[in-house]
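The values are calculated or read from the model by the stated rules, or taken from the named source; none is laboratory data. Note that the structure is predicted; figures quoted are calculated from it, not measured. Cβ coordinates were reconstructed from backbone atoms using ideal geometry, including for glycine residues, and neighbour counts include every protein chain displayed. Just so you know, the surface numbers come from the protein's heavy atoms only, side chains and all, with ligands and any DNA or RNA stripped out. Shrake-Rupley method; radii C 1.70, N 1.55, O 1.52, S 1.80 Å.
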Amino acid sequence: MHILGIDVGGSGIKGAPVDTETGELLTERLRIKTPKSAEPEPIAEVVKQIAQSFHWNGPTGIGFPAPIKGGVAMMAANISEKWIGVNADTLFTSITGCDCTLVNDADAAGLAEMAFGAGRGQPGTVIMLTLGTGIGTAIFHRGHLLPNTEFGHLEMEGEDAEFRTSDAARQREDLSWKKYAKRLNKYLMQMEKLFWPDLFIVGGGISKESEKFLPLLTIDTPVIPAQLLNQAGIVGAALAARKGE
Ligand code: BGC
């Protein structure tokens, strides 16, 4: 099935039509900067622009940086608070004219990695982490997703974990890879203690540079980089929009 996958991120909104059988993008992806306000209407306009650029009017999956219940954004950490309570499914569907389905962005990335990437065939408990503007988490057991987990907001040293350990924090504080790995290790240790996972998969833009920090980690659970890099969000959003599964 061909579905348009769109990944709404803190800095960019990216999309491409996806073949959901193979996980391949059907064309090169289009990226447009996230409007500064990150409010509902301007973001929906960018999503419309992306759909139009592919002459798309079919099913569309949208990965969104918030927990999503029944199409409604429940919380807003790195986007405008105006999203809270908005039925984003309905908003995107009415503005684009495409049948839109929303999913949390980390859940989307996890679905893609489990189907086509680093998590393929992994039977136990797998935790996918996306390290970007925030920290997104997606938890799978025997391939099944527990949706909308928000462990980027685990409290550590009195703060949201993502405030100190996201890739944005690394850049903002200009941390060396060694210092960053130390922070990430602390966070992963905490997650390890809470979930006893069999595997961590680290995704987000930073996964391109995984050889700079993954070897510095000392936790017991294996940690591997995501394989779909910055395509995971697009592919997974398309997977989430398949109907009747
Ligand atoms: C949001 C999550 C999202 C993550 C990554 C967090 O701040 O609360 O819903 O998955 O950032 O974008």
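Find the residue count for the range 74-122, including only residues that are of a type in the set (D, E, K, R), assigned to a helix (DSSP H, G or I) and either under 22 Å from Leu145 (Cβ atoms) or within 13 Å of the ligand (Cβ to nearest atom) (or both). Spell out how you get there, then give the answer.
Taking the range 74-122 and keeping what is of a type in the set (D, E, K, R), we get 81-82, 89, 99, 105, 107, 113, 120.
Adding the requirement that they be assigned to a helix (DSSP H, G or I) leaves 81-82, 89, 105, 107, 113.
After this cut, where a residue has to be either under 22 Å from Leu145 (Cβ atoms) or within 13 Å of the ligand (Cβ to nearest atom) (or both) as well, the list is 81, 89, 105, 107, 113.
So the count comes out to 5.
Which pairs have Cβ atoms under 7 Å, sit 6 or more apart or on different chains, and link a residue in the range 78-95 that is over 21 Å from Ala168 (Cβ atoms) to one that is basic (Lys, Arg)?
Ile95/Lys48
Restricting to the range 27-42, and then to whatever is open to solvent by 80 Å² or more (accessible area, probe 1.4 Å) and not acidic (Asp, Glu), can you tell me which residue is nearest to Ser11 (Cα to Cα)? Spell out the reasoning first.
Let us first name the residues in the range 27-42 that are open to solvent by 80 Å² or more (accessible area, probe 1.4 Å), namely 28, 31, 33, 36, 41.
Filter once more, so that each one left must be not acidic (Asp, Glu): 31, 33, 36.
On the way: Arg31: 10, Lys33: 6, Lys36: 9 Å.
The qualifying residue nearest to Ser11 (Cα to Cα) is Lys33.
Count, please, the residues in the range 55-74 that happen to be of a type in the set (A, V, I, L, M, F, W, C), in contact (Cβ under 8 Å) with a residue 40 or more places away in the chain and open to solvent by less than 40 Å² (accessible area, probe 1.4 Å). Lay out the reasoning, then the answer.
If we filter the range 55-74 for residues that are of a type in the set (A, V, I, L, M, F, W, C), which is where we start, we get 56, 62, 64, 66, 68, 72-74.
Restricting the remaining residues to those that are in contact (Cβ under 8 Å) with a residue 40 or more places away in the chain gives 56, 62, 64, 68, 74.
Narrowing further to those that are open to solvent by less than 40 Å² (accessible area, probe 1.4 Å): 62, 64, 68.
Total satisfying the criteria: 3.
Return the residue satisfying two criteria in turn: it lies in the range 123-159 and is more than 17 Å from Val8 (Cβ to Cβ) and either within 8 Å of the ligand (Cβ to nearest atom) or outside the structural domain of Leu188 (by TED's automatic domain parsing) (or both), and of such residues it is surrounded by the fewest Cβ atoms within 10 Å (Cβ to Cβ).
His153
Let me spell it out: the conditions are (1) out of contact with any Lys or Arg (no Cβ under 6 Å at 6 or more places or on another chain); (2) over 21 Å from Thr22 (Cα atoms), and Asp105 meets all of them except one. Which number is the exception?
All conditions pass for Asp105, except number (2).
Only one of (1) modelled with pLDDT of 95 or more; (2) closer than 16 Å to Ala138 by Cβ is not met by Gly204, so which one is it?
So the condition that Gly204 fails would be (1).
Can you tell me which condition Gln171 does not meet? The list is (1) within 16 Å of the ligand (Cβ to nearest atom); (2) part of a loop (DSSP other than H, G, I, E, B); (3) surrounded by fewer than 17 Cβ atoms within 10 Å (Cβ to Cβ), and all the others hold.
Here Gln171 meets the rest and fails (2).
Which condition number in (1) at pLDDT 95 or above; (2) outside any strand (DSSP E or B); (3) buried (at least 19 other Cβ atoms within 10 Å of the Cβ) is the one that Glu45 fails?
(3)
Among the residues of the range 175-198, is there at least one that is open to solvent by 10 Å² or more (accessible area, probe 1.4 Å), in contact (Cβ under 8 Å) with a residue 40 or more places away in the chain and within 19 Å of Ala115 (Cα to Cα)?
Yes, the conditions are met somewhere in the range 175-198.
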